[in-house]
Amino acid sequence: FTLGEGQGYTEDDIKEGARSLTGFTRVDDAFYFNQRNHDSDSKNLLGRRGDFNGDDFVDLIFRRPSAATFITEKLYRFFVNDAPGELDKTQQRFVRSLAALLKDRQWELKPILRRLFKTKHFYDESNTGSLIKSPIQLIVQTIRSLRTPPDRSVSLLVDAAGVMGQRIFFPPNVKGWDGGRAFRRITFL
């Protein structure tokens, strides 16, 4: 979810990464690391060997060249234009510039989003109206816009989302639903 599918990692890297994350838990509502539950044996992870913990795992992921580009392309497709297929040359240059900024700013998202929303590219005619809302986005934004108290009709809204192809709490896989134009098309007879 940080590097993208097929970006130089293996199933073994995923398993070793999971071992690195052992020991992390919650106590009440607080994040907690329990050293006794951490697998402190050596791990082979993304071409490196060592006693990696969760922080090391994140550092190794963010050292990969594809991480910044993958994250900024995800942001681009979510906020700017979710058209299917490869990005065109202008879009690729824009995403690469955001990726460079993301690395320069130590992976902080606020400067990236600020730059994204203030550029002419964001407001370009080719991007205006190019995003397609998921059923949940449509329902939540409608409720907010109309200032409708959702508590009276939650079951109807859940049913409506299901009819549109997004059954709440039942995603198709661990990634969740594809968004935008990739979302299942609904045909009404």
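One table, with the values for the structure above:
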{"quantity": "Other-chain or far-sequence residues with amide H under 5 Å of Phe24's (modelled H)", "calculated": "Asn34"}
{"quantity": "Most mobile listed residue (Thr72, Thr119, Thr142) in the chain, GNM with C-alpha springs under 10 Å", "calculated": "Thr142"}
{"quantity": "Over the chain, relative contact order from alpha-carbon pairs under 8 Å, at least 6 apart, %", "calculated": "16 percent"}
{"quantity": "Charge dipole magnitude, Cβ of K and R +1, D and E -1 - the chain, Cα centre, debye nearest 20", "calculated": "740 debye"}
{"quantity": "Residue with peak Gaussian network fluctuation, the chain [Cα springs, cutoff 10 Å], from Asn53, Asn173, Asn37", "calculated": "Asn173"}
{"quantity": "Rounded tilt (10° steps) of 109-118 against the dominant C-alpha axis of the chain", "calculated": "30 degrees"}
{"quantity": "Potential lengthening between Asp159 and Arg105 on full extension [0.36 nm per residue; Cα-Cα distance subtracted]", "calculated": "15.2 nm"}
{"quantity": "The chain: Lys pairs at Cα distance under 27 angstrom, eight or more positions apart or on different chains", "calculated": "28"}
{"quantity": "Derived scalar couplings ³J(HN,Hα) [the range 87-103; Karplus, 6.51 cos²θ - 1.76 cosθ + 1.60; whole Hz; x for Gly, Pro]", "calculated": "6, 6, 4, 5, 5, 4, 4, 4, 5, 5, 5, 5, 5, 5, 5, 4, 5"}
{"quantity": "Inverse of mean 1/r across different Cα pairs in the chain, Kirkwood, Å", "calculated": "19.8 Å"}
{"quantity": "Amide H contacts of Lys43 (H built 1.01 Å from N, under 5 Å, at least 5 apart or other chain)", "calculated": "Gly50, Asp51, Phe52"}
{"quantity": "Potential extension, Phe117-Thr22 segment - 0.36 nm per residue separation minus Cα distance", "calculated": "30.4 nm"}
{"quantity": "Check: the range 91-132 dipole with +1 on Lys, Arg Cβ and -1 on Asp, Glu Cβ, in debye", "calculated": "200 debye"}
{"quantity": "Heavy-atom accessible area per residue - the chain, 1.4 Å, Å²", "calculated": "72 Å²"}
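The values are calculated or read from the model by the stated rules, or taken from the named source; none is laboratory data. This is a predicted model, so every value here is computed, not measured. Neighbour counts are summed over all protein chains in view; Cβ atoms, including those assigned to glycine, are modelled from backbone coordinates with ideal geometry. Keep in mind that these areas ignore ligands, DNA and RNA; they rest on the heavy atoms of the full protein, side chains included. Shrake-Rupley method; radii C 1.70, N 1.55, O 1.52, S 1.80 Å.
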